[in-house]
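Every number in this text was worked out from the coordinates using simple rules, so none of it is lab data. Quantities reported herein were computed from a predicted structural model and do not represent experimental measurements. With ideal geometry, Cβ positions are generated from the backbone for all residues, glycine too; neighbour counts draw on all protein chains shown.
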Amino acid sequence: MKFKYNARTQQGELQTGFVDSANRESAANILASHDLFILSLESVEKRYWYDFFLNFFNKVKFVDLMVFTRQFATLMEAKVPLNTVLKTLYKQTTSQILKEAVFRISSDIGAGLSLSQAMERQGEIFSEFYLNMIRSAEITGRLEEAAKFLADYLEKELTWRNKIRNAMIYPSIVIIMFLVVAGIMLVVVFPQIAPIFEESGTDLPVLTKVFLFVGKFTLQWWWAIILTLLALVFVIVDYFRSPEGKVVFDEISVKIPVLGDLFRKIYVSRFAESTNILIKGGIPITQALGISADTMGSAVYKDILIEIADGVRGGELLSDLLAKNEYYFPILVSQMVAIGEGTGRLDIILSKVSDFYTREVNDVLDNLVELIQPALIAVMGVLIGLLFASILIPIYNLAQAF
């Protein structure tokens, strides 16, 4: 994307121009790296409704990014020169989009940019957290450690994603099967038996009347139903992609029963792990908290961590600020952080917190698969029972009348 900016140099001179970047935050970082004070920064490119679908199909798969990062970390640990690393990754990468990005990164580095600046120009692939980790590693000279952490971090995220996906496969199949059966019953079966009930004059149960009405309405207005559902889905997705919608969605996700507890543990683990590695890399605690805010994947936790960073910058203890947000950060976290602050070993304590909540998340995900199947079978059994009862009860009453 292209952005138009108005900025002032360190000498106070007004400067106007354009900058190419994947998003507004990356554009701001590029300008800041050139010691410019931003006055305004606006996109000059039009966005169309089909951009979402184009971005979806032109997106690098998470597993490809994870494999790339692991290979990058392995080569860096082997003390291979950076230009050789990039040439090797270009040959080994199977994703065409990622391969082109690696080529552009190598070209930009050859033109004089740093690794983080070159990656920043591929912001649609590398997240803000990824870029911040590389940027801080360049400052501290610990690029190998940062690359290894990113590889471990992405592998853990992929493991969690796979567990959640696997847990949802069976429920999704069952729900789809039920919807297909229910649709056939409503659209095919009920319209066939409706004349029989009408001619007999039998008093129908309320549930049967409802299903008969739904089946008749669906046959007459199926096209309107489809259009309405498509429009509703488009409006909901568009809203949840907006800044306000992201906050609302993330707020709901951490407060929904059962799953809310799981999401909170995931976010706490991310916070502890990323903050730990940043502090180890020599990043000040306030800056580490600000960078960690970008790792959360939750607008709610991001806002909370930014507030906490401001509080720490103002002289408050991190443990006290975490305790004020007990719902989002369990009391165990603030107690452990208080111990770390008292002993001067905050990075080690955060590592322990991350390990603890990583195990908690793994346990919950393992149990989720075992719990969701019987619960879903029970719910589907009740719904299917109601569906067939709405047919069998009137037929039984009709037989009794004769």
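Starting from the Cα of LYS209, draw a straight line to each of the aspartates and glutamates and keep only those under 14 Å, dropping any in the same chain fewer than 8 residues away.
Filter leaves GLU198.
Would you mind working out the magnitude of the charge dipole of the chain relative to its Cα centre, with +1 at each Lys and Arg C-beta and -1 at each Asp and Glu C-beta, to the nearest 20 Debye?
800
Springs between alpha-carbon atoms under 10 Å, Gaussian network over the chain: tell me which of ILE125, ILE196, ILE139 tops the mean-square fluctuations.
Result for the chain, Cα springs under 10 Å: ILE196 fluctuates most.
At 7 Å along the Cα-to-beta-carbon direction for both ARG241 and VAL206, put a label point, then send me their distance in nm to one decimal.
4.2
Could you sort 377-388, 68-79, 278-289 so that the peptide with the highest average Cβ count within 10 Å comes first and the rest follow in order? Please list the in-between numbers first.
On the way: 377-388: 12.7, 68-79: 17.4, 278-289: 19.8.
Ranked by mean Cβ neighbours within 10 Å, highest first: 278-289, 68-79, 377-388.
How would you classify the range 169-402 from its alpha-carbon gyration tensor, with a ≥ b ≥ c the square roots of the eigenvalues: rounded for a/c under 1.5, else prolate if a/b is greater than b/c, otherwise oblate? Before the final figure, lay out the partial values.
Values: a/c = 4.20, a/b = 2.79, b/c = 1.50.
Prolate, because a/c is 1.5 or more and a/b exceeds b/c.
Just tell me which lysines come within less than 16 Å, Cα to Cα, of LYS324; anything on the same chain fewer than 8 places away is out.
Partners within reach: LYS302.
Within the range 317-377, list the trypsin sites (Lys or Arg not before Pro) lying in a DSSP loop whose Cβ has at most 15 other Cβ atoms in a 10 Å radius. Mind dumping the intermediate values first?
Numbers: sites: LYS324, ARG345, LYS352, ARG359; in loops: ARG345.
Taking the range 317-377 and a limit of 15 other Cβ atoms within 10 Å, the loop trypsin sites (Lys or Arg not before Pro) found are ARG345.
Classify the range 307-378 from the C-alpha gyration tensor, please: rounded if a/c falls under 1.5, else prolate or oblate depending on whether a/b exceeds b/c. Could the numbers behind the result be given before it?
Numbers: a/c = 4.22, a/b = 2.26, b/c = 1.87.
Prolate, because a/c is 1.5 or more and a/b exceeds b/c.
How far is the Cα center of the range 280-341 from the Cα center of the range 97-161, in Å?
24
Set the Förster distance to 22 Å, then compute FRET efficiency between VAL369 and MET177 from the Cβ-Cβ distance, nearest 0.05.
Values: r = 19 Å, r/R0 = 0.84.
Rounded to the nearest 0.05, the efficiency is 0.75.
What does the charge add up to near ASP320, with Lys and Arg as +1, Asp and Glu as -1, over the other residues with Cβ less than 15 Å from its Cβ? Show your work: numbers first, answer last.
Details: positive: ARG313, LYS324; negative: GLU307, ASP310, GLU316, GLU326, GLU341.
Here the charged neighbours net out to -3.
Report the relative contact order of the range 57-155, percent, no decimals, based on alpha-carbon pairs under 8 angstrom and at least 6 residues apart.
Details: 83 pairs, mean separation 34.5, N = 99.
Relative contact order here is 35 percent.
So which lysines can LYS280 reach, going by Cα to Cα under 18 Å and dropping same-chain residues fewer than 8 places off?
LYS148, LYS352
Loop-only check: which GluC sites (Glu not before Pro) in the range 124-208 are DSSP coil with at most 13 other Cβ within 10 angstrom? If you can, show how the numbers build up before the last one.
Details: sites: GLU124, GLU128, GLU138, GLU144, GLU145, GLU155, GLU157, GLU198, GLU199; in loops: GLU124.
Counting only loop positions with at most 13 other Cβ atoms within 10 Å, none of the GluC sites (Glu not before Pro) in the range 124-208 qualifies.
Ignoring everything except DSSP H segments at least 4 long, calculate the 222 nm mean residue ellipticity for the chain; use -39,500 (n - 2.57) per segment, divide by total residues, nearest 500. Write out the running numbers ahead of the final one.
Working: 17 runs with 302 residues, N = 402.
-25500 deg cm²/dmol, from helical runs alone.
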